[in-house]
2 protein chains.
Amino acid sequence: MKRVAESTIRRLSLYLTALEEIGARGTRTVSSEELAQLGGTTSAQVRKDLSVFGSFGKRGLGYSVAELTARLRSILGLGRRWRVCIIGAGKVGAALAQYPGFPERGFDIVAVYDTDPARIGERWGDLKVRDAASLEADSSALNCDIAVLAVPASAAQRMAERAVAAGVRAILNFVPVQLSVPRNVAVRNVNMAVELEALSFALTNRG
Amino acid sequence: MKRVAESTIRRLSLYLTALEEIGARGTRTVSSEELAQLGGTTSAQVRKDLSVFGSFGKRGLGYSVAELTARLRSILGLGRRWRVCIIGAGKVGAALAQYPGFPERGFDIVAVYDTDPARIGERWGDLKVRDAASLEADSSALNCDIAVLAVPASAAQRMAERAVAAGVRAILNFVPVQLSVPRNVAVRNVNMAVELEALSFALTNRG
């Protein structure tokens with residue numbers, strides 16, 4: 001598959017959220033105009049985004065909600081389940097472990113790690129907090145695809161490297177640190193500082 | 001001030017994070033090349049971004065870390081404190097109330113709201129969970145600048161409208177819903193589904 005821009009993937013994800021809402025209301029077809037409105041873009045952009053992945057919809061009839069939902073889920077890799085470990089059993093890690101969006105999107109939390117002896121062994125629902133020292137040793141049994149990183153900033157780069165050594169190929173990074181990882185490892189950053197500063201900028205400079 | 005692109009603000013925020021780290025190590029000056037590396041961009045982009053806000057640095061000497069940090073904090077509206085209310089006292093709200101990045105960046109949590117009688121009155125550190133029914137009535141006393149939205153999807157739009165009616169001018173939205181608000185209200189979305197799907201896409205389509 002040719003290289004797809006991050007902004008395209010982002011919009012596909014928004015179209016999917018919109019389609020799932022439309023489908024839940026029992027609606028069977030949707031126009032590119034409607035999808036554009038729900039995804040916050042233009043109908044030309046919707047058609048362009050979808051054309052990258054082949055032909056969808058019938059001229060004048062719009063898209064089948066069920067068919068387009070299934071195709072987008074498949075394009076986005078949601079047709080299977082992924083194995084996720086959370087590294088960092090502090091407050092952010094605990095909140096993420098409870099996040100219903102993970103299992104809903106096919107992300108199964110299979111392990112939680114920490115380095116703090118006070119946390120290791122703690123029961124988190126069906127899981128028990130594991131010693132981060134066993135990250136690499138656990139890898140063949142746990143076989144994690146994705147690591148969710150929620151550790152102190154000073155530990156982030158080293159933990160990312162260890163997760164990669166343990167076979168992880170994607171990282172969801174909640175630490176405000178620019179991680180350096182091999183090219184074949186995907187990283188997404190959730191940087192709260194950036195979001196907060198965009199708001200304070202807007203409040204400061206509003207008309 | 002002329003309109004500044006969201007992507008520019010995002011990079012200014014990353015430069016600031018980098019500068020604060022550099023400053024904490026005791027370094028006094030920084031080149032645009034170093035800032036570019038830390039912010040994940042090019043030195044030409046750094047110079048272009050900063051030139052929007054006036055002249056910084058001396059040719060050949062680089063930027064003063066202290067001066068540039070202060071200017072960026074001022075540009076980003078971090079020279080003052082903001083009053084924040086969290087709407088939704090569930091797990092996401094609880095995690096956010098504990099997030100140290102809020103007070104560090106000048107965001108003071110002054111109230112938490114919920115509609116669930118089982119949660120109203122609960123003690124959260126110095127705060128008590130308030131009845132969301134009093135959102136508008138509280139506004140003159142609490143004077144919130146920013147609402148953090150962490151409610152169920154079905155309640156998000158209505159709560160956003162009520163927050164705006166109560167005088168809020170910026171919303172940090174954790175609900176995977178496209179909010180519709182007046183033009184003068186700034187909204188930032190933290191959409192976990194988008195991040196997760198970007199990772200599953202990358203894992204599915206990697207070479």
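The values are calculated or read from the model by the stated rules, or taken from the named source; none is laboratory data. Because the structure is predicted, anything quoted here is derived from the model rather than measured. A quick note on method: Cβ atoms are made from the backbone with ideal geometry, for glycine too, and the neighbour counts reach across all protein chains shown.
General remarks:
- Selected residue (criterion: farthest from residue A:12 (Cα to Cα)) from residues of the range A:24-63 that are among the hydroxyl-bearing types (Ser, Thr, Tyr) and in contact with a helix residue (DSSP H, G or I) (Cβ under 9 Å, 6 or more places away or on another chain): A:27
- Subset of the range B:9-34 that is among the hydroxyl-bearing types (Ser, Thr, Tyr) and more than 10 Å from chain A (Cβ to nearest Cβ) - its residue that is farthest from residue B:184 (Cα to Cα): B:27
- Residue match in the range B:26-46 (condition: touching a Ser or Thr at 6+ places or on another chain (Cβ under 9 Å) and within 20 Å of residue A:203 (Cβ to Cβ)): no
- Boolean, residue A:73 is assigned to a loop (DSSP other than H, G, I, E, B) and under 28 Å from residue B:91 (Cβ atoms): no
- One residue stands out in the range B:161-171 among those that are part of a helix (DSSP H, G or I) and touching a residue at least 24 places away in the same chain (Cβ under 8 Å): the one that is nearest to the other protein chains (Cβ to nearest Cβ), namely B:163.
- Filter result (over 14 Å from the mean Cα position of the chain (by Cα) and touching a residue at least 24 places away in the same chain (Cβ under 8 Å)) within the range B:81-96: B:87, B:88, B:89, B:90, B:92, B:93, B:94
- Of all residues in the range B:148-165 being surrounded by 19 or more Cβ atoms within 10 Å (Cβ to Cβ) and at pLDDT below 95, the one that is nearest to residue B:85 (Cα to Cα): B:150
- Sole residue being farther than 22 Å from residue A:146 by Cβ, modelled with pLDDT under 90, touching a strand residue (DSSP E or B) at 6+ places or on another chain (Cβ under 7 Å) and small (Gly, Ala, Ser), chosen from A:93, A:39, A:57: A:57
- Failed item, numbered, when residue A:154 is tested on (1) farther than 25 Å from residue A:78 by Cβ; (2) away from chain B (no Cβ under 14 Å); (3) assigned to a helix (DSSP H, G or I): (2)
- Flag for residue B:198 being under 21 Å from residue A:14 (Cβ atoms), in contact with a strand residue (DSSP E or B) (Cβ under 7 Å, 6 or more places away or on another chain) and in contact (Cβ under 8 Å) with a residue 60 or more places away in the chain: no
- Among the residues of this structure, residue B:201 does not count as one that is buried (at least 19 other Cβ atoms within 10 Å of the Cβ) and more than 7 Å from chain A (Cβ to nearest Cβ).
- Residue list for the range B:1-37, filter: in contact with a Lys or Arg (Cβ under 9 Å, 6 or more places away or on another chain) and assigned to a loop (DSSP other than H, G, I, E, B): none
- On the stretch given as the range B:172-188, residues that are β-branched (Val, Ile, Thr) and more than 10 Å from chain A (Cβ to nearest Cβ) total 2.
- Hits in the range B:79-98 - residues which are under 22 Å from residue A:152 (Cα atoms) and in contact with a helix residue (DSSP H, G or I) (Cβ under 7 Å, 6 or more places away or on another chain): B:91, B:92, B:95, B:98
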